[in-house]
Amino acid sequence: MIHLNIGSNLYSKFGNKFTNISIAVDLLLSLKITIKKISNFYQTPSYPNNELPKFVNIGLIVDYKKDFKSLYNEVSIIEKKIGRIKTKKNDPRVCDIDIIDYKGLIRSDDKLNLPHPRAYLRNFVLYPIKEIDPNWKHPVFNKNVDLLIKELSQKSRIEITRLRKSVNIRV
């Protein structure tokens, strides 16, 4: 299985953060990436500066026939199409697409680390995964998503909100 996470906390030329994420999903579909499951939207404070606009994120399970490098290139192009400009780490952004887990592959280089190196620490990654794949285990730590959530700080567990809103797919 391949897990992706898409987040946004800024307006783009297309609209608000919910629209940015929906467009990212449409663009994934246009590339013949099969989407098997999509979580609801989750809202969290911006980190590390919670004075910045709140983030919304979704988790996806996808099927992709090419290799992880091709997927990385594809999602980078989608981020740019929506208007992402790479700036400082943790800056606000119109679109951020992370490959969280690529079929359990474990690898590291200067461009891409799999699984995502901080996924196990992020509420906005773990809660969507719990929703769409409750039996998922972290490929490195071999811990179930429920255990990883329990290991989050109490603050991290309470500052996330599952929104009663889903992605609009335009297909």
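No lab work stands behind these numbers, since they all come straight from the coordinates. Quick caveat, the model's predicted, so the values are computed rather than measured. Glycine also receives a Cβ, built like all others from the backbone with ideal geometry; neighbour counts cover every protein chain displayed.
Considering only ASP110, ASP146, ASP26, give the residue with the highest GNM mean-square fluctuation for the chain, with springs between Cα atoms whenever their separation is below 10 Å.
Taking springs between Cα atoms under 10 Å, the residue moving most is ASP110.
Filter the trypsin sites (Lys or Arg not before Pro) in the stretch 1-82 down to the DSSP loop ones having no more than 15 other Cβ atoms within 10 Å, then list what survives.
Details: sites: LYS13, LYS17, LYS32, LYS36, LYS37, LYS54, LYS65, LYS66, LYS69, LYS80, LYS81; in loops: LYS13, LYS32, LYS54, LYS65, LYS66.
Taking the stretch 1-82 and a limit of 15 other Cβ atoms within 10 Å, the loop trypsin sites (Lys or Arg not before Pro) found are LYS13, LYS32, LYS54, LYS65, LYS66.
Calculate, in whole percent, how much of the Cα-Cα pair population of the stretch 52-102 lies beyond 13 Å.
Value for the stretch 52-102 (Cα pairs over 13 Å): 64 percent.
Apply the Karplus parameterisation 6.51 cos²θ - 1.76 cosθ + 1.60, with θ equal to phi minus 60°, to every residue of the stretch 56-64 and state each ³J(HN,Hα) to the nearest whole Hz, in sequence, with x for glycine and proline.
Those phi angles translate into 10, 9, 9, x, 9, 10, 10, 10, 9 Hz.
Suppose R0 equals 30 Å. What FRET efficiency, 1/(1 + (r/R0)^6) with r the Cβ-Cβ distance, do LYS88 and ILE169 give to the nearest 0.05?
That pair, LYS88 with ILE169, gives E of 0.40.
5 Å is the cut-off here: which amide hydrogens, built 1.01 Å from N in the peptide plane, fall below it relative to LYS37, excluding neighbours closer than 5 in sequence?
So LYS37 has HN proximity to ILE61.
Pop out the ³J(HN,Hα) list for the stretch 70-82 in order, Karplus 6.51 cos²θ - 1.76 cosθ + 1.60 with θ = phi - 60°, rounded to Hz; leave Gly and Pro as x.
With coefficients 6.51, -1.76 and 1.60, one gets 5, 4, 4, 5, 4, 5, 5, 5, 4, 4, 5, 4, 7 Hz.
Using each residue's phi in the stretch 129-141, evaluate 6.51 cos²θ - 1.76 cosθ + 1.60 at θ = phi - 60° and report the 3J(HN,Hα) Karplus result to the nearest Hz, with x for Gly and Pro.
Residue by residue, the stretch 129-141 yields 4, 4, 5, 9, 8, x, 9, 4, 10, 5, x, 8, 8 Hz.
Roughly what would the spin-label model give for TYR47 and THR34, points 7 Å off Cα along C-beta, in nm?
3.3
Based on the Cβ-Cβ distance of ARG162 and LYS69, what FRET efficiency does E = 1/(1 + (r/R0)^6) give at R0 = 30 Å, to the nearest 0.05?
FRET efficiency, ARG162 to LYS69: 0.35.
Over the Cα atoms of the stretch 75-171, how large are the radius of gyration and the largest Cα-Cα distance (Dmax), in Å?
Rg, Dmax (Cα atoms, Å): 14.8, 39.
Scan the chain and report its longest stretch carrying no GluC sites (Glu not before Pro) that are both in a DSSP loop and have at most 15 other Cβ atoms within 10 Å.
With GluC sites (Glu not before Pro) excluded where exposed in loops, the chain gives 52-150 as its longest stretch.
Kindly provide the chymotrypsin sites (Phe, Trp or Tyr not before Pro) of the stretch 112-171 that DSSP labels as loop, not H, G, I, E or B, and whose Cβ sees at most 16 other Cβ atoms within 10 Å.
Passing sites in the stretch 112-171 are PHE141.
Could you list, bin by bin from short to long, the percent of Cα-Cα pairs of the chain in 10 Å steps?
Values per bin, smallest distances first: 10, 41, 39, 9, 0.
Taking LYS103 as the anchor, which aspartates and glutamates have their alpha carbon closer than 20 Å to its alpha carbon, excluding any fewer than eight residues away along the same chain?
Correct list for LYS103: ASP63, ASP67, GLU74, GLU131, ASP133, ASP146.
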